[in-house]
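Participant: Please read through the structure below; I'll follow up with questions.
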Amino acid sequence: MNNVNILVLVSGNGTNLQALIDAERGGRFRGGEDYPGGRIAAVLSDRPARALSRAEAAGIPVYTEEPRLSLGPAERRRELSDRILGIARGTGARLIILAGFLSILEGNIIKAYGGKIINIHPSLLPKFGGKGMYGERVHRAVIEAGEKESGCTVHIVDAGTDTGPVILRRKVPVLDGDSPDTLAGRIHDEEHIAITDAALMMLRRLGGDGDNNNRGRQ
């Protein structure tokens, strides 16, 4: 059965990307009789990022597509999304994984890849999601709200922000004396598990249709 090409979108250090790379290398994305395998065909960042070095070290093609600041916010998001859509199609990607990607996807890419874009968010959605909620802001808000648990959520990307159907969640306790950094560290460990588990779940959902086995990374 043909492998599913995966495009991973990143913005930062790339520890979740590394978890995906390690999972592929370790054979976790190998297909079975009833579902295809997966392969990371390319990694794309919206800014210079350490994650790109991780991809290059693994022999994965990389792209940097920065937002065009000369455009207004709405046009900027849509124009960047259209560029990413072109790259996704060019790499034969059938699954797009947002692994710490900070730009918001809009427009044609959501329609073209409906149900085939997933994102990992560092809270138990629907709590502490939405525009402007990322990184330290999320963990600080969780602590200030007096929450007793937090975690991470992998969800399908739709036209909203952090509003798509949930694939899975992983929980951690919020401990007395936690800072945003200590809480983030505890959640990061769970993110690495969640993103690889969710990728495998998506591969099993997608099945193979033979449209991408000869494109992307060889």
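Participant: Amide H neighbours of Asp158 under 5 Å, at least 5 residues apart or on other chains, H built in the peptide plane: list them.
Facilitator: Excluding prolines and chain starts, which carry no amide H, the hits are Thr163, Gly164.
Participant: In addition: Based only on other Cβ atoms within 10 Å, what is the fewest-to-most ordering of Phe101, Phe128? Mind showing how you got there, number by number?
Facilitator: Working: Phe101 25, Phe128 22.
Sorted ascending by nearby Cβ count, the order is Phe128, Phe101.
Participant: When a footprinting reagent is the concern and you count Cβ atoms within 10 Å, what order do Ile143, Ile117 take, fewest first?
Facilitator: Lowest count first: Ile143, Ile117.
Participant: Separate question: Give me, ordered by chain and number, the residues 5 or more places off Glu106 or on other chains with an amide H under 5 Å from its own placed amide H.
Facilitator: Under 5 Å from the amide H of Glu106: Ser81.
Participant: Using each residue's phi in the range 132-145, evaluate 6.51 cos²θ - 1.76 cosθ + 1.60 at θ = phi - 60° and report the 3J(HN,Hα) Karplus result to the nearest Hz, with x for Gly and Pro.
Facilitator: Once rounded to whole Hz, the list reads x, 9, 7, x, 4, 4, 5, 5, 5, 5, 4, 5, 5, 7.
Participant: Using θ = phi - 60° and the Karplus form 6.51 cos²θ - 1.76 cosθ + 1.60, what ³J(HN,Hα) does each residue of the range 43-53 get, whole Hz, x for Gly and Pro?
Facilitator: In residue order, the calculated couplings are 10, 10, 10, 9, 6, x, 8, 4, 4, 5, 5 Hz.
Participant: Now for a different question. How much mean residue ellipticity at 222 nm does the chain get from its helices, if each DSSP H run of length 4 or more adds -39500 (n - 2.57) and you divide by all residues, to the nearest 500 deg cm²/dmol? Show your work: numbers first, answer last.
Facilitator: Numbers: 6 runs with 78 residues, N = 218.
Computed mean residue ellipticity for the chain: -11500 deg cm²/dmol.
Participant: A further question follows. When a/c is below 1.5 the answer is rounded, else prolate if a/b is larger than b/c, else oblate, so apply that to the range 96-146 with a ≥ b ≥ c taken from the square roots of the Cα gyration tensor eigenvalues.
Facilitator: Prolate is the answer for the range 96-146, as a/c is 1.5 or above and a/b outweighs b/c.
Participant: Would you mind computing, in nm to one decimal, how far apart the modelled labels at Ala145 and Lys131 are, each placed 7 Å from Cα along Cα→Cβ?
Facilitator: 1.9
Participant: Right, another one. Please give the net charge around Met202, taking every other residue with its beta carbon less than 12 angstrom from that of Met202, where Lys and Arg add +1 and Asp and Glu add -1.
Facilitator: +3
Participant: Within straight cross-link reach of Lys111, meaning Cα distance under 28 Å, which lysines are found once same-chain residues fewer than 8 apart are removed?
Facilitator: Answer for Lys111, where 28 Å is the Cα cut-off: Lys127, Lys131, listed by chain and number.
Participant: Give the distance, in whole Å, between the Cα centre of the range 79-139 and the Cα centre of the range 154-190.
Facilitator: Computed from Cα coordinates, the inter-centre distance equals 15 Å.
Participant: Moving on. With 10 angstrom as the radius, rank Val174, Val142, Val166, Val4 by how many other C-beta atoms surround their C-beta, starting from the fewest. Working shown, then result.
Facilitator: Working: Val174 20, Val142 25, Val166 14, Val4 28.
By the 10 Å Cβ count, ascending: Val166, Val174, Val142, Val4.
Each reported figure results from applying straightforward, stated rules to the coordinates on display, with no laboratory input. Keep in mind that what you see is a predicted model, and the values were worked out from it rather than measured. Cβ: placed from backbone, ideal geometry, glycine included. Neighbour counts: every protein chain shown.
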